[in-house]
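A short write-up of the structure that comes next.
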Amino acid sequence: MRIIISGGGTGGHIYPALAIVKELERLANPAEILFVGTKEGLESDIVPKEGYRLKTIEVGGLERQLSWRNVQTLAKTVGGIWQSRSIIQEFQPDIVIGTGGYVCGPVLLMASLLKIPTLIQEQNAIPGVTNKILARFVDKIAVGYAEAIPRFPVARKAVVTGNPIRSDVMEITREQGQRELGLDPDKLTLLVSGGSRGAQSINKAAIVVSKVLAGREGIQVLHVTGKSDYNNIVGLYNQIGIEPEKTGNISIRPYLYNMPHALAAADLAVFRAGAIGLAELTARGIPSVLVPYPYAAENHQEHNARVLETNGAALVIRDADLTGELLLAAIEGLLADPQKRLAMAQASKGMGRPYAAQRIAEMAIAQARGKR
């Protein structure tokens, strides 16, 4: 089976694509895969390192107001459509899949016009602009949240699959995670992370939390700051008299390449509300305090977070309201109430869809074989 998959710009579009591809290779063996992205997006680095072919097209994202740049972007996009046509006609795919980002627009549109089976995957509770436009043309829409379905112009095409996650998120045991990260197996683990690039608001609030929890029995904090903010946050810890390595229960890391190990070890998490991060939290059944990124398109992170909150899996603090004292109060409340933590963990686990990538791959294979 020959498959084109397009998604790019950020890891939130690329890693789901990779998760789906690995399932396609397992289920449709043999499967020949071609990624289509841009030279500027992270896919130009990540996809070749994963061992897959990548073709690039010229395309840009539209601004949300009238501007000369939008005129230039539309001209570039027209060129991207013709580049997509050339790539598709040369590769002759059995199906074309999009996982988000503006690069998907020309690729999925052209595939649809050429009568090739198409599928898009929407990760957020509020669909992106590109996917809402493509919904009119593609055959199937795999959504991470049921709440997204009414926001599509052709809702009947949508199927709730959950969001695809890396297989190792579920494969690593708690013991392996603790051992890999040097954590104490007899302590509850609080994982704090603002995503791969970090989040200053979360980092600063976490310092207040760590100051109170430093040296406390039965709890340990793993604080992942993001590379760009690491030195600043370490300096702020030192200013308040905390040397994490001497506390015995506070660990600060700039970045974790082995985040699945941290998720396996975590009993409670403080996170942003990106769709894939939430998919990983719920797959593991981790209760969380969520601080949505306030500048996400159409505020989709808060919508994602509220879905978990409504289901009892998370507490939500808006970024504008976040203080160290407020975060500490939320965490202390959960630490003092094991029954509430357990109920949140069960609700989180109930929302998890660890086999989303397999489900999407099965949908794609059925489409490619004409079983629409």
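The values are calculated or read from the model by the stated rules, or taken from the named source; none is laboratory data. Every value quoted in this text rests on a predicted model; they were computed, and no experiment measured them. Every residue, glycine among them, receives a Cβ derived from its backbone with ideal geometry; neighbour counts consider all protein chains shown. These accessible areas exclude ligands, DNA and RNA; they are computed on the full protein's heavy atoms, side chains included. Shrake-Rupley method; radii C 1.70, N 1.55, O 1.52, S 1.80 Å.
Looking at Phe152, Phe137, which is the one that is farther than 27 Å from Val289 by Cα, touching a residue at least 12 places away in the same chain (Cβ under 8 Å) and surrounded by fewer than 18 Cβ atoms within 10 Å (Cβ to Cβ)?
After ruling out the rest, the residue left standing is Phe137.
The rows are residues; the columns are (1) in contact with a helix residue (DSSP H, G or I) (Cβ under 8 Å, 6 or more places away or on another chain); (2) polar (S, T, N, Q).
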position: Asp321; (1), (2): no, no
position: Gly324; (1), (2): yes, no
position: Lys340; (1), (2): yes, no
position: Ala343; (1), (2): no, no
position: Gln346; (1), (2): no, yes
position: Arg353; (1), (2): yes, no
position: Ile360; (1), (2): yes, no
position: Met363; (1), (2): no, no
position: Ala366; (1), (2): no, no
Residue set Leu326, Leu342; condition in the same structural domain as Ser201 (by the TED database), assigned to a helix (DSSP H, G or I) and within 25 Å of Pro260 (Cβ to Cβ); output residue Leu342
Somewhere in segment 199-217, is a residue in contact (Cβ under 8 Å) with a residue 40 or more places away in the chain and part of a strand (DSSP E or B)?
no
Only residues that are among the hydrophobic types (A, V, I, L, M, F, W, C) and loosely packed, with under 14 Cβ neighbours inside 10 Å: list them for segment 327-367, please.
Ala329, Ala336, Leu342
Considering only segment 77-172, give the strands (runs of 3 or more DSSP E) lying wholly within it that have at least 2 residues that are farther than 25 Å from Ala296 by Cβ.
95-98
Boolean, Gly370 is surrounded by fewer than 22 Cβ atoms within 10 Å (Cβ to Cβ) and modelled with pLDDT of 95 or more:
no
So how many residues does segment 24-74 have that are surrounded by 15 or more Cβ atoms within 10 Å (Cβ to Cβ) and modelled with pLDDT under 90?
9
Filter segment 293-316 down to residues that are touching a helix residue (DSSP H, G or I) at 6+ places or on another chain (Cβ under 9 Å), over 17 Å from Ala146 (Cα atoms) and open to solvent by less than 60 Å² (accessible area, probe 1.4 Å), then give me how many there are.
6
Quick one: what pairs do we get from segment 302-329, first residue over 12 Å from Phe271 (Cβ atoms), second part of a loop (DSSP other than H, G, I, E, B) and of a type in the set (Phe, Trp, Tyr), C-beta under 6 Å, 6+ apart or different chains?
Val307/Tyr145
Return a yes/no flag: does segment 189-197 have any residue that is in a helix (DSSP H, G or I) and either within 18 Å of Leu278 (Cα to Cα) or not assigned by the TED database to the domain that holds Leu108 (or both).
no
Members of segment 167-182 found to be open to solvent by 40 Å² or more (accessible area, probe 1.4 Å) and either of a type outside the set (D, E, K, R) or in contact with an Asp or Glu (Cβ under 8 Å, 6 or more places away or on another chain) (or both), listed by number:
Ser167, Met170, Thr173, Gln176, Gly182
If I filter segment 317-325 for residues that are under 21 Å from the mean Cα position of the chain (by Cα) and open to solvent by 30 Å² or more (accessible area, probe 1.4 Å), do I get at least one hit?
yes
For Thr161, work out the one condition from (1) open to solvent by 10 Å² or more (accessible area, probe 1.4 Å); (2) polar (S, T, N, Q); (3) not assigned by the TED database to the domain that holds Phe271 it doesn't fulfil.
(1)
Any chance you could count how many residues in segment 235-258 are touching a residue at least 12 places away in the same chain (Cβ under 8 Å) and open to solvent by less than 40 Å² (accessible area, probe 1.4 Å)?
10
